[in-house]
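The values are calculated or read from the model by the stated rules, or taken from the named source; none is laboratory data. Keep in mind that this is a model prediction, so the values were computed, not measured. Here the Cβ is made from the backbone with ideal geometry for all residues, glycine too, and neighbour counts use every protein chain on show.
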Amino acid sequence: MKSSWKYILIVTGIFVISLIAGLLLSLQDVGLPENYLEALRESLGWVKDLPPIGIVLFIFLNNAVKSLFAIVLGAGFGIIPIIFVGVNGLIIGLIAREVSKEQGIIYVLAALVPHGIIEIPMILISAGLGLRLGFMMYLSLKGEKKDMKFELVGSLRLFIGVIMPLLFISAIIETFVTPLIIYFVSG
C-alpha cells in the first residue's frame, strides 16, 4: 500500500476533477443529468424490490467486481482505472447536482456520506493499485525488471483482506443506515 500512495493520489485527483466537471456540466442544463438519472432509475429499479440482504449483496458485488477489474485491468497501462474513476466522478457530479435541485444539498450529503466515506476510498485505492500495475507493466516493457506477478498478488491480497470487507460494510451501511439518515433529513 505504501508504494501505491502516489497512484492513489493521482486517481483521487482525477476523481475530484471529474466530479467538479460533472457538477459544472449539469449547470449547462443540456438535459444530460435528468436523462441519465431517469435511465439509471429504469435500469436499476428492480434492485429496490429485492429483500434487504439481496440489496446488500447486489451493492457489494457490483462494487467489488468493479474494484477488482480496476486493479486487474490496470495492468493495461492504467487506462481502465483512470476511465473508471473519471466516469464515476462525472456521474456522481451530474446526479448530485440534479438531486440537489430537487431535494437540496443536505439530502445529497445524507445519501452519499454515510456509506461513501468507506466506499469511495476503497474504489480509489483499487484504481490506484490498478494504475500502479499499469505503470509497472509500462516499465517492464521498457526493459526494467519488474515482478508483475508479485505486484498483482500484493494488490489482490490487499483487495481480499481490506477492500472487500470494507466494501461489504459499506453495502450494509448503504442498505440499512443511509435510508434512515435520508428519512430523518427529508422529514
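Can you go through Ile106, Ile117, Ile160 and tell me which one is in a helix (DSSP H, G or I), surrounded by fewer than 17 Cβ atoms within 10 Å (Cβ to Cβ), over 20 Å from the mean Cα position of the chain (by Cα) and aliphatic (A, V, I, L, M)?
Going through Ile106, Ile117, Ile160 in turn, the sole match is Ile106.
Residues in region 71-83: is at least one modelled with pLDDT of 95 or more, farther than 26 Å from Ser140 by Cα and within 15 Å of the chain's Cα centre (by Cα)?
no
What residue, of Ile117, Ile123, is under 28 Å from Glu38 (Cα atoms), touching a Lys or Arg at 6+ places or on another chain (Cβ under 9 Å) and modelled with pLDDT of 95 or more?
Result: Ile123 is the single residue among Ile117, Ile123 that is under 28 Å from Glu38 (Cα atoms), touching a Lys or Arg at 6+ places or on another chain (Cβ under 9 Å) and modelled with pLDDT of 95 or more.
Are any residues in region 151-172 among the aliphatic types (A, V, I, L, M) and farther than 17 Å from Leu50 by Cβ, and if so, which ones?
Those that are among the aliphatic types (A, V, I, L, M) and farther than 17 Å from Leu50 by Cβ: Leu152, Val153, Leu156, Leu158, Ile160, Val162, Ile163, Met164, Leu166, Leu167, Ile169.
Listed residues Leu139, Leu152, Leu133; which is surrounded by 20 or more Cβ atoms within 10 Å (Cβ to Cβ) and part of a helix (DSSP H, G or I)?
Working: Leu139 fails: surrounded by 20 or more Cβ atoms within 10 Å (Cβ to Cβ); Leu152 fails: surrounded by 20 or more Cβ atoms within 10 Å (Cβ to Cβ).
So the residue among Leu139, Leu152, Leu133 that is surrounded by 20 or more Cβ atoms within 10 Å (Cβ to Cβ) and part of a helix (DSSP H, G or I) is Leu133.
Write out, first by first residue and then by second, each pair whose Cβ atoms fall under 9 Å of each other, whose residues are 6+ apart or on separate chains, and whose first residue, in region 40-58, is in contact (Cβ under 8 Å) with a residue 60 or more places away in the chain while the second is charged (D, E, K, R) and not in a loop (DSSP other than H, G, I, E, B).
Ile55/Lys48; Ile55/Glu174; Val56/Glu174
Go through (1) touching a Ser or Thr at 6+ places or on another chain (Cβ under 8 Å); (2) within 30 Å of Ile105 (Cα to Cα); (3) surrounded by fewer than 19 Cβ atoms within 10 Å (Cβ to Cβ); (4) aliphatic (A, V, I, L, M) and name the single condition Leu180 misses.
Looking at each condition in turn, Leu180 falls short on (1).
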